[in-house]
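First comes the structure, then the notes that go with it.
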Amino acid sequence: MTFGKEIIIIELIGIIAFAISGAIVAIKRNFDIFGIIVLGVITAVGGGAIRDIILGITPPTMFRHSLYVFVAFLTSCIAFAVAAVMAVKFKKNKEFFMDVVNFFDAIGLGVFAVTGTNTAVVAGFSHNPFLAIFVGVITGIGGGMLRDILAGRVPFVLYKDVYASAAIVGASLYYVMFINGVNTTVSVSLTIIITIMIRLAASFYHLSLPRIPKLNIKDDED
């Protein structure tokens with residue numbers, strides 16, 4: 001059970017969502033238009049490139065289907081134009097940036113957690129749940145990690161609310177539905193929605209995994 005032509009539409013939705021989140025982060029960092037485009041494109045297709053490398057799919061899909069890169073490029077340009085027009089409003093409402101990033105991040109995360117897992121099972125790894133789920137998760141979080149590294153900040157996945165955990169739930173749920181023969185439309189739609197809702201709920205309610213309280217310990221100096 002796999003989904004064919006519709007995967008292009010689903011992935012394009014994820015591409016657009018991640019491109020917007022990447023462009024917004026670049027705008028917040030005061031990058032120029034080139035930097036905004038680079039960050040938008042990397043966020044959109046970076047996770048898929050890592051997925052393909054792990055699965056031995058070469059060259060990666062982003063090089064074989066230029067539509068993905070073109071859509072990410074165009075989306076980043078539109079984000080730049082919109083931000084330029086609304087610059088005054090952005091300055092007055094700084095939280096708007098993070099709200100936008102979190103919203104589109106959630107959409108991209110949900111979409112690519114599913115399509116990444118699906119790519120793994122289609123590639124012949126349906127018998128290996130660890131690999132299939134891992135690939136789904138890395139597809140979902142990979143672009144965001146590259147975005148944050150290039151933007152000079154600690155990747156969201158290491159500290160921000162429930163992020164990778166949402167991708168793990170989504171990828172695992174899709175895999176279980178896949179091996180049990182659940183209807184494709186139902187499994188894809190349900191998994192994406194659940195993943196998005198988990199991420200948005202965690203963002204809205206500031207939910208996070210257990211962590212040690214911040215310690216005021218200075219590093220030893222030689």
Complete set of residues in region 197-222 that are among the polar types (S, T, N, Q) and either touching a helix residue (DSSP H, G or I) at 6+ places or on another chain (Cβ under 8 Å) or modelled with pLDDT of 85 or more (or both):
SER203, SER208
Which listed residue is out of contact with any strand residue (DSSP E or B) (no Cβ under 9 Å at 6 or more places or on another chain), without any contact (Cβ under 8 Å) to a residue 12 or more places away in the chain, under 19 Å from LEU146 (Cα atoms) and of a type in the set (D, E, K, R), from ASP99, ASP32, ASP105:
ASP32
For GLY124, only one of the following conditions fails: (1) small (Gly, Ala, Ser); (2) out of contact with any Phe, Trp or Tyr (no Cβ under 9 Å at 6 or more places or on another chain); (3) closer than 21 Å to ILE53 by Cβ; (4) in contact (Cβ under 8 Å) with a residue 40 or more places away in the chain. What is its number?
(4)
Before we move on, is ILE8 in contact with a helix residue (DSSP H, G or I) (Cβ under 6 Å, 6 or more places away or on another chain), free of Cβ contacts under 8 Å to residues at least 60 places away in the same chain, of a type in the set (A, V, I, L, M) and in a helix (DSSP H, G or I)?
no
Answer yes or no as to whether TYR175 is of a type outside the set (A, V, I, L, M, F, W, C), over 23 Å from VAL122 (Cβ atoms) and either modelled with pLDDT of 90 or more or within 18 Å of the chain's Cα centre (by Cα) (or both).
no
Of (1) surrounded by 18 or more Cβ atoms within 10 Å (Cβ to Cβ); (2) part of a loop (DSSP other than H, G, I, E, B), ALA171 satisfies all except one. Which?
(2)
Subset tally (residues that are in a helix (DSSP H, G or I) and touching a residue at least 24 places away in the same chain (Cβ under 8 Å)) for region 174-184
5
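The values are calculated or read from the model by the stated rules, or taken from the named source; none is laboratory data. All figures in this text were calculated on a predicted structure; none of them were measured in a lab. Glycine gets a Cβ as well: all are built from the backbone with ideal geometry, and neighbour counts include every protein chain shown.
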